[in-house]
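Trainee: The structure under discussion is supplied below as structure tokens; questions concerning it will follow.
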Amino acid sequence: MARRSTKTPPPDDAFEEKILDIDVVDEMQGSFLEYAYSVIYSRALPDARDGMKPVQRRIVYQMNEMGLRPERGYVKCARVVGEVMGKLHPHGDASIYDALVRMAQPFSMRLPMVDGHGNFGSLGNDDPPAAMRYTECRMADATSLMTESIDEDTVDFTPNYDGQEREPVALPAAYPNLLVNGSSGIAVGMATNMPPHNLGEVIAAARHLIKHPGADLETLMKYVPGPDLPTGGRIVGLSGIKDAYESGRGTFKIRATVSVEAVTARRKGLVVTELPFSVGPEKVIAKIKDLVGAKKLQGIADVKDLTDREHGLRLVIEIKNGFVPEAVLEQLYKLTPMEESFGINNVALVDGQPLTLGLKELLEVYLDHRFEVVRRRSEFRRGKKRDRLHLVEGLLIALLDIDEVIRLIRSSENSAQAKERLIERFTLSEVQTQYILDTPLRRLTKYDRIELEAERDKLNAEIDELTRILESDAELRKLVSSELAAVAKKFGTDRRTVLLESAGAPAAAVSLQVADDPCRVLLSSTGLLARTVNGEPLPEGDGKRVKHDVIVSAVPATARGEVGAVTSAGRLLRLSVVDLPQLPDTASAPNLSGGAPVAELLSLEADEKLICLMTLDESSPGLALGTEQGVVKRVVPDYPANKEELEVITLKDGDRIVGAMELRTGEEDLVFITDDAQLLRYPAGQVRPQGRPAGGMTGIKLTQGAKVISFTAVDPAVDAVVFTVAGSRGTLDDSVQTTAKLTPFDQYPRKGRATGGVRCQRLLKGEDCLSFAWAGPTPPRAAQRTGLPAQLPEPDPRRDGSGVSLAKPVAAIAGPAA
């Protein structure tokens, strides 16, 4: 049940009614101006002297008061936030912690002011910082310079929001923090956006300005050529920077640092190691995916963020085969945050007024502040030393007649009388007399007198030095310059941001996709595939032969075309040329060391081997191939474009292709060489072309237990040779060879198809077979299993002669790649 009030209501005339008629326009104008001034002066804009907003200054000052020096342990950020909010900052904890987090981020500030321990966020705020109850902090090494000598009356103090505490109006600031760390903030009707700079460069410009107060902007820019962002990157175009340094306003572009690298054996990629200021990798990845999904960006195969603490930022953008990486990069600069504009707006408070300042004005305001700090510090120190000297001199007077001093004190009724008698007897001040009375007897020895005299001399010298600084403007400026030099030496770092006058010739002028230019597709002896820059053949000459240089198969093609790959299992696989790595100019680098392994481009079975490359030209005489069991076949050139895999022969069980070659004229001779040293040569016209599923016909008549080890097609109109190597079937390691023979091809007569041929090498004692053989055009080049060159023997005109010893075993041989 509700209770009724027993209070008697006041009479109607107890309150005096007072109503003021105020124009709402005037009230809104006045209230808005007060609000705007509060935001400008107390929240959003930094002071040009120490480069700090009020919340930042309060954090640094309170951490200094809490004793959170760099050599001390970490404390919870929540404790610092609580101290700042309770004593100095009349706003919520979120704004304080946000400011503290930014001051601890090395990617936000060029010289971080807070040493953070824990998760303080990531570049671009992709990963937000942990709550303040989880993170810890303390002052960074350089931050102690901001509060250095703050207790020596170097700056003015003002009451806090409730008048119970006092806070500095500005910090002493031993370095130009506003230029070094920059600032950003949005006030009412104005904003500031200042980029960070290199500490060493800024101090060098400040020292030059101290020595030459009339220095012009062009001279200062020799020391400070442009911003130096924490995240590095490349600044493109310096005209906007000069405008900003002159007028306080300007714009420049920041580009990511990108290199073109081979990210896989088949693909090239763009590796991003530095992003524009305040741009994170997640933002770039999201934008790229959106553009690819909307089909506004072509050529991107995949994007991977491989960033870690050990290697730093590493964003890998894989480029599809057939696209020019440099052209894709220009598209990324144009469409994604990999290129950003930064608008400089140097607005800061000078004597409480927001002003737009150029580079020279910013340095002048800081130096004037620093001169005042050092002057006030010197006055404070001189006053302290004079006070100490006054006490030391009084004590020395007492020590000259210590017996009389003791007698006067012992004969006095009380301390007040003793004080009066000492003042009267020795002409001392009250302060000196009180100090003498407070000094214990143990300090009145002969040794202490010597120490006091030394201290007096030292104090006099220090006072003279401080007086000289205070009375000479030149000495004051010299001291400030030397202190700045010491800061630069201790905390200066190398420049991170590269400055470029222009972006250079745009790659966008180049076609985005690889042009369908003529080229050659190459297969090396060690199983590497590649394409040349153009359709020129590889240069001749043994002088430049290096690893992977024996080209066992080479066919003409176009960059966006296809070639065929014939395998030992009788399969013809389509191979996209644009997927192959492109080699540099063959005239300067005649090798395949930059090729891609066959296994990365073709799906082969465990015991399947790539035999040769061929064009897919259906107007050619077709493909000729021979098998281990002596079967020969000419394949009718029929290669349907809608099939990625074709069967070019039906093999018998246990059989495999040992050689294949695309015929150029149809007038070539087909050559079989068996392991029992038989060679059969006959015109290709003796073999009737067959459809792809056919199983071929007998190519050579084999003896019991023999097998074919080589099959080639040789143009009888060109010079050719036959190379054979003898070995032993009992040798498990086929790299162990005994003798070899190189014989002119014309020494071997033509025979009919399906005959046994003629002997091509006489086997010596310990040799029972041929381990390797080849027939082809001159000049031949051989390679070892590793791809290193191997020396061939001198030609032997005897077709059935014995071989000579090899210096190095031969694993592959081929004629000119053309």
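Trainee: Could you list all residues from segment 797-817 that are part of a loop (DSSP other than H, G, I, E, B) and in contact with a Pro (Cβ under 9 Å, 6 or more places away or on another chain)?
Mentor: Of everything in segment 797-817, those that are part of a loop (DSSP other than H, G, I, E, B) and in contact with a Pro (Cβ under 9 Å, 6 or more places away or on another chain) turn out to be Pro797, Arg799, Gly803, Leu806, Lys808, Gly815, Pro816, Ala817.
Trainee: Of the residues Glu475, Glu465, which is within 20 Å of Asp368 (Cα to Cα), modelled with pLDDT of 85 or more and of a type outside the set (Lys, Arg)?
Mentor: The match here is Glu475.
Trainee: What about Arg138, is it buried (at least 20 other Cβ atoms within 10 Å of the Cβ), under 20 Å from Gln62 (Cβ atoms), of a type in the set (Lys, Arg) and in the same structural domain as Lys53 (by TED's automatic domain parsing)?
Mentor: Working: buried (at least 20 other Cβ atoms within 10 Å of the Cβ): yes; under 20 Å from Gln62 (Cβ atoms): yes; of a type in the set (Lys, Arg): yes; in the same structural domain as Lys53 (by TED's automatic domain parsing): yes.
Taking the combined requirement at face value, the residue satisfies it.
Trainee: Return the only residue of Ser108, Ser149, Ser95 being assigned to a helix (DSSP H, G or I) and touching a helix residue (DSSP H, G or I) at 6+ places or on another chain (Cβ under 9 Å).
Mentor: After applying the criteria, what remains is Ser95.
Trainee: Can you list the strands (runs of 3 or more DSSP E) lying wholly within segment 598-700 that have 2 or more residues being buried (at least 21 other Cβ atoms within 10 Å of the Cβ)?
Mentor: 610-614, 623-627, 631-635, 657-662, 669-674, 678-683
Trainee: Kindly indicate whether any position in segment 167-177 is under 31 Å from the mean Cα position of the chain (by Cα), in a strand (DSSP E or B) and not assigned by TED's automatic domain parsing to the domain that holds Glu483.
Mentor: Of the residues in segment 167-177, the ones under 31 Å from the mean Cα position of the chain (by Cα) are 175-177.
Still in the list and also in a strand (DSSP E or B): none.
No, segment 167-177 contains no residue that is under 31 Å from the mean Cα position of the chain (by Cα), in a strand (DSSP E or B) and not assigned by TED's automatic domain parsing to the domain that holds Glu483.
Trainee: State yes or no: is Gly757 closer than 25 Å to Ala660 by Cβ and either touching a His at 6+ places or on another chain (Cβ under 7 Å) or in contact (Cβ under 8 Å) with a residue 60 or more places away in the chain (or both)?
Mentor: Here the answer is yes, as Gly757 does meet what is asked.
Trainee: Further question on the same structure: Just checking, how many residues over segment 630-657 are out of contact with any Pro (no Cβ under 9 Å at 6 or more places or on another chain) and among the basic types (Lys, Arg)?
Mentor: Residues that pass the stated criteria total 3.
Trainee: Within the set of pairs 6 or more residues apart or between chains, which connect a residue that is in contact (Cβ under 8 Å) with a residue 60 or more places away in the chain inside segment 117-130 to a residue that is outside any loop (DSSP other than H, G, I, E, B) with Cβ atoms less than 6 Å apart?
Mentor: Correct list of pairs: Gly124/Lys283; Asp126/Glu282.
Trainee: Could you list, ordered by first residue, the pairs with Cβ atoms under 7 Å in which the first is in segment 365-392 and in the same structural domain as Thr433 (by TED's automatic domain parsing) and the second is surrounded by 16 or more Cβ atoms within 10 Å (Cβ to Cβ) and among the aromatic types (Phe, Trp, Tyr), at least 6 apart or interchain?
Mentor: Taking only residues 6 or more apart or on different chains, the pairs are Leu391/Tyr435.
Trainee: What about Thr264, is it surrounded by fewer than 17 Cβ atoms within 10 Å (Cβ to Cβ), touching a residue at least 40 places away in the same chain (Cβ under 8 Å) and outside any strand (DSSP E or B)? Steps first, answer last, please.
Mentor: Values: surrounded by fewer than 17 Cβ atoms within 10 Å (Cβ to Cβ): yes; touching a residue at least 40 places away in the same chain (Cβ under 8 Å): yes; outside any strand (DSSP E or B): yes.
Yes.
Trainee: Search segment 78-94 for residues that are closer than 14 Å to Glu65 by Cα and pair each with any residue that is buried (at least 20 other Cβ atoms within 10 Å of the Cβ) and not aliphatic (A, V, I, L, M) when their beta-carbon atoms are under 6 Å apart and the residues are at least 6 apart or on different chains.
Mentor: Val81/Tyr97; Glu83/Gln62; Val84/Arg58; Val84/Gln62; Leu88/Arg58
Trainee: Then there's this: With within 30 Å of Leu479 (Cβ to Cβ) and among the hydroxyl-bearing types (Ser, Thr, Tyr) as the only criterion, which of Thr192, Thr251, Thr264, Thr219 stands out?
Mentor: Being within 30 Å of Leu479 (Cβ to Cβ) and among the hydroxyl-bearing types (Ser, Thr, Tyr) holds for just one of Thr192, Thr251, Thr264, Thr219, which is Thr219.
Trainee: Also: Could you look through segment 111-120, keep only residues that are under 25 Å from Asp494 (Cα atoms) and in a loop (DSSP other than H, G, I, E, B), and pick out the one that is farthest from the chain's Cα centre (by Cα)?
Mentor: Only one residue tops the list, namely Met113.
Trainee: Okay, moving on. Based on this model, can you work out whether Leu670 counts as modelled with pLDDT under 95, over 17 Å from Ala706 (Cβ atoms), of a type outside the set (S, T, N, Q) and in the same structural domain as Phe772 (by TED's automatic domain parsing)? Step through it out loud before you land on a result.
Mentor: Values: modelled with pLDDT under 95: no; over 17 Å from Ala706 (Cβ atoms): yes; of a type outside the set (S, T, N, Q): yes; in the same structural domain as Phe772 (by TED's automatic domain parsing): yes.
Against the criterion (modelled with pLDDT under 95, over 17 Å from Ala706 (Cβ atoms), of a type outside the set (S, T, N, Q) and in the same structural domain as Phe772 (by TED's automatic domain parsing)), Leu670 does not qualify.
Trainee: If you scan segment 222-250, which residues turn out to be touching a helix residue (DSSP H, G or I) at 6+ places or on another chain (Cβ under 9 Å), of a type outside the set (Val, Ile, Thr) and part of a strand (DSSP E or B)?
Mentor: Arg249, Gly250
Trainee: Here is a follow-up. Quickly run through segment 405-445 and pick out the residues that are within 14 Å of Leu391 (Cβ to Cβ) and polar (S, T, N, Q).
Mentor: Residues satisfying the conditions are Ser429, Gln432, Thr433, Gln434, Thr439.
Trainee: Taking the options Glu326, Glu330, name whichever one is surrounded by fewer than 21 Cβ atoms within 10 Å (Cβ to Cβ), touching a Pro at 6+ places or on another chain (Cβ under 6 Å) and either in a strand (DSSP E or B) or not small (Gly, Ala, Ser) (or both). Steps first, please.
Mentor: Details: Glu326 fails: touching a Pro at 6+ places or on another chain (Cβ under 6 Å).
Answer to the check: Glu330.
Trainee: A follow-up question, please. Taking the condition of being closer than 24 Å to Leu199 by Cα and at pLDDT 95 or above, how many residues in segment 118-142 meet it?
Mentor: The number of residues fulfilling the criteria is 5.
Trainee: Moving on. Specify which of the listed residues (Pro779, Pro797) is over 26 Å from Leu610 (Cβ atoms) and either under 55 Å from the mean Cα position of the chain (by Cα) or not charged (D, E, K, R) (or both).
Mentor: Result of the check over Pro779, Pro797: Pro797.
Trainee: Okay, moving on. In segment 760-784, what count of residues is obtained for those that are surrounded by fewer than 22 Cβ atoms within 10 Å (Cβ to Cβ) and either of a type in the set (A, V, I, L, M, F, W, C) or in a loop (DSSP other than H, G, I, E, B) (or both)?
Mentor: So the count comes out to 11.
Trainee: Just name the residue that is farthest from the chain's Cα centre (by Cα) out of those in segment 178-205 that are surrounded by fewer than 21 Cβ atoms within 10 Å (Cβ to Cβ) and among the aliphatic types (A, V, I, L, M).
Mentor: So, considering only residues that are surrounded by fewer than 21 Cβ atoms within 10 Å (Cβ to Cβ) and among the aliphatic types (A, V, I, L, M), the one farthest from the chain's Cα centre (by Cα) is Val188.
Trainee: Quick check on this structure: which one of Leu646, Leu679 is under 18 Å from Val714 (Cβ atoms) and either of a type in the set (Gly, Ala, Ser) or in the same structural domain as Glu605 (by TED's automatic domain parsing) (or both)?
Mentor: Values: Leu646 fails: under 18 Å from Val714 (Cβ atoms).
That would be Leu679, the only listed residue that is under 18 Å from Val714 (Cβ atoms) and either of a type in the set (Gly, Ala, Ser) or in the same structural domain as Glu605 (by TED's automatic domain parsing) (or both).
Trainee: May I ask you to list the residues in segment 785-798 that are crowded, with 16+ Cβ neighbours inside 10 Å and within 22 Å of Gly766 (Cβ to Cβ)?
Mentor: Result: Ala790, Leu792, Pro793, Asp796.
Trainee: List pairs: first in segment 661-686 and of a type in the set (Lys, Arg), second crowded, with 20+ Cβ neighbours inside 10 Å, Cβ under 7 Å, 6+ apart or cross-chain?
Mentor: Filtered contacts from segment 661-686: Arg681/Asp669; Arg681/Val671; Arg681/Tyr748.
Trainee: Something else about it: Identify, from the list Val292, Val373, the residue that is over 24 Å from the mean Cα position of the chain (by Cα), of a type in the set (A, V, I, L, M, F, W, C), more than 30 Å from Ser472 (Cβ to Cβ) and not in a strand (DSSP E or B).
Mentor: Being over 24 Å from the mean Cα position of the chain (by Cα), of a type in the set (A, V, I, L, M, F, W, C), more than 30 Å from Ser472 (Cβ to Cβ) and not in a strand (DSSP E or B) holds for just one of Val292, Val373, which is Val292.
Trainee: Tell me the residue from Ala554, Ala530 that is modelled with pLDDT of 90 or more, outside any loop (DSSP other than H, G, I, E, B), aliphatic (A, V, I, L, M) and surrounded by fewer than 24 Cβ atoms within 10 Å (Cβ to Cβ), please.
Mentor: Just one listed residue meets the conditions, Ala554.
The values are calculated or read from the model by the stated rules, or taken from the named source; none is laboratory data. For clarity, every value in this text was computed on a predicted model and none was experimentally measured. Neighbour counts are summed over all protein chains in view; Cβ atoms, including those assigned to glycine, are modelled from backbone coordinates with ideal geometry.
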